[in-house]
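*Asks:* Following this message is one structure expressed as structure tokens.
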């Protein structure tokens with residue numbers, strides 16, 4: 001993976017119109033979440049305080065991005081019945097919404113005829129893609145950035161198709 005990939009914060013701070021994120025995995029094994037996820041599985045307790053040390057940097061980033069007039073949207077394609085990880089993610093999504101993100105969920109069975117890229121991505125101003133690469137067990141392997149017009153076109157079309165079909169967070173019921 002290239003080592004000169006801009007951070008998510010740098011890309012968010014540089015965008016002017018839109019930042020969209022498409023998530024397509026049913027489990028993420030991101031090291032920073034491991035303890036929180038394990039505790040949630042064992043106790044049902046979850047940190048949903050936007051001001052907590054774990055959430056505050058994200059809430060600040062999204063809030064200041066939205067305050068500049070940038071629309072921040074996140075769509076998640078999920079298998080049903082959902083995995084424990086998706087239950088965990090759904091339970092904490094209120095913090096994303098509080099920060100200013102618009103979040104929608106699409107049951108995977110409704111995505112069968114959508115051309116999707118092979119990896120999760122962030123797309124900034126319909127111009128810059130930041131791919132997220134994950135291992136088979138969901139661990140983050142790295143990121144890659146591209147402005148390739150064909151890849152951008154695929155991501156724009158994929159995200160728009162998913163967004164149009166997806167269910168707003170407040171209406172999506174876990175199955």
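Each value in this text was obtained by applying a stated rule to the coordinates, not by laboratory testing. These numbers were taken from a predicted model, which means no experiment stands behind them. So basically every Cβ, Gly included, is an ideal-geometry build from the backbone, and we count neighbours across all protein chains shown.
*Asks:* Given (1) in contact (Cβ under 8 Å) with a residue 24 or more places away in the chain; (2) exposed (fewer than 14 other Cβ atoms within 10 Å of the Cβ), identify the lone condition not met by residue 25.
*Replies:* For residue 25, the failing item is (2).
*Asks:* Here are the criteria: (1) surrounded by fewer than 18 Cβ atoms within 10 Å (Cβ to Cβ); (2) closer than 16 Å to residue 25 by Cα. Tell me which single one residue 131 does not satisfy.
*Replies:* With respect to (1) surrounded by fewer than 18 Cβ atoms within 10 Å (Cβ to Cβ); (2) closer than 16 Å to residue 25 by Cα, residue 131 is out only on (1).
*Asks:* Does the stretch 164-172 contain at least one residue that is in contact (Cβ under 8 Å) with a residue 24 or more places away in the chain, touching a helix residue (DSSP H, G or I) at 6+ places or on another chain (Cβ under 6 Å) and under 23 Å from residue 46 (Cβ atoms)?
*Replies:* Within the stretch 164-172, one or more residues are in contact (Cβ under 8 Å) with a residue 24 or more places away in the chain, touching a helix residue (DSSP H, G or I) at 6+ places or on another chain (Cβ under 6 Å) and under 23 Å from residue 46 (Cβ atoms).
*Asks:* Could you tell me how many of the residues in the stretch 1-29 are assigned to a helix (DSSP H, G or I) and either out of contact with any strand residue (DSSP E or B) (no Cβ under 6 Å at 6 or more places or on another chain) or over 22 Å from residue 57 (Cβ atoms) (or both)? Outline the logic, then answer.
*Replies:* Taking the stretch 1-29 first, the residues assigned to a helix (DSSP H, G or I) are 8-14.
From the residues that got through so far, the ones that are either out of contact with any strand residue (DSSP E or B) (no Cβ under 6 Å at 6 or more places or on another chain) or over 22 Å from residue 57 (Cβ atoms) (or both) too are 8-10, 13-14.
Qualifying residue count, the stretch 1-29: 5.
*Asks:* Also, quick follow-up: Could you tell me whether any residue of the stretch 30-48 is outside any helix (DSSP H, G or I) and touching a strand residue (DSSP E or B) at 6+ places or on another chain (Cβ under 9 Å)? Break it down into steps so the answer makes sense when it comes.
*Replies:* Initial filter on the stretch 30-48 (outside any helix (DSSP H, G or I)): 30, 44-48.
Among the residues that remain, those that are also touching a strand residue (DSSP E or B) at 6+ places or on another chain (Cβ under 9 Å) are: 30.
The answer is yes; a qualifying residue exists.
*Asks:* Need the failing condition index for residue 5 against (1) more than 22 Å from residue 105 (Cα to Cα); (2) in contact (Cβ under 8 Å) with a residue 24 or more places away in the chain; (3) in contact with a helix residue (DSSP H, G or I) (Cβ under 8 Å, 6 or more places away or on another chain); (4) surrounded by fewer than 16 Cβ atoms within 10 Å (Cβ to Cβ), just the number.
*Replies:* (3)
*Asks:* Would you confirm, using the coordinates I've provided, whether residue 109 is without any contact (Cβ under 8 Å) to a residue 60 or more places away in the chain, farther than 10 Å from residue 166 by Cα and within 15 Å of the chain's Cα centre (by Cα)?
*Replies:* On the way: without any contact (Cβ under 8 Å) to a residue 60 or more places away in the chain: yes; farther than 10 Å from residue 166 by Cα: yes; within 15 Å of the chain's Cα centre (by Cα): no.
Judged against the criteria, residue 109 is not a match.
*Asks:* Are any residues in the stretch 81-101 touching a residue at least 40 places away in the same chain (Cβ under 8 Å) and not in a helix (DSSP H, G or I), and if so, which ones?
*Replies:* Listed by number, the residues that qualify are 81, 82, 83.
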